[in-house]
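The values are calculated or read from the model by the stated rules, or taken from the named source; none is laboratory data. The shown structure was predicted, so the numbers you read here are calculated from the model rather than taken from an experiment. Using ideal geometry, Cβ is built from the backbone for each residue, glycine included, and neighbour counts are taken over all protein chains shown.
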Amino acid sequence: MNAKSNARVLVVEDSLAVAKRLESCLQQAGYHVEHARNGRDALALADRKHFDLVITDEQMPMMSGRELCRALREHPWYGETPIIFLTAAEHFGEDPTDQALRITAVFGKPFVPASVVRTAEIELNASRRPHQARVH
């Protein structure tokens, strides 16, 4: 079975323009996509629906991407779910607490949406999820 045929992706991004670009690329690639504008809204969605992959911004109002990742890792459905992190920070991963978030991949902003989609496809098809983030 094709991983795309039923894969649900949650995009968490407070910039509507960035979110729309990502959503469009993911939908064109065959994924079912939902969008939340902040971590708090994302958690509410994640409690109601199961997502196969999460793409989240780091800096958002109400709840940061790091806070969202911590909460998702404690959630019974999302302990091993791939999470792709979007960040403007130059040194993500240097803080020892970043390792505990088990981010699958990190993209610096600005990023190429097609690269994020390719990484999403790889992660959704992977049989084993790496726990060390790959920086793109």
Could you check, for region 48-61, whether at least one of its residues is in contact with a strand residue (DSSP E or B) (Cβ under 6 Å, 6 or more places away or on another chain), among the polar types (S, T, N, Q) and at pLDDT 95 or above? yes
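Out of curiosity, is Pro76 of a type outside the set (Lys, Arg) and exposed (fewer than 14 other Cβ atoms within 10 Å of the Cβ)? So that I can check it myself, show each step before the final result.
Details: of a type outside the set (Lys, Arg): yes; exposed (fewer than 14 other Cβ atoms within 10 Å of the Cβ): yes.
Against the criterion (of a type outside the set (Lys, Arg) and exposed (fewer than 14 other Cβ atoms within 10 Å of the Cβ)), Pro76 qualifies.
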Inter-residue pairs, beta-carbon under 6 Å, first touching a residue at least 24 places away in the same chain (Cβ under 8 Å) and in region 49-61, second assigned to a loop (DSSP other than H, G, I, E, B) and not β-branched (Val, Ile, Thr), 6+ apart: His50/Trp77; Asp52/Ala7; Leu53/Pro82; Asp57/Glu13; Met60/Asp14; Met60/Asn38; Pro61/Asn38
Restricting attention to region 88-112, which residues are under 17 Å from Leu10 (Cβ atoms) and either of a type in the set (Ser, Thr, Tyr) or modelled with pLDDT of 90 or more (or both)? Thr104, Phe107
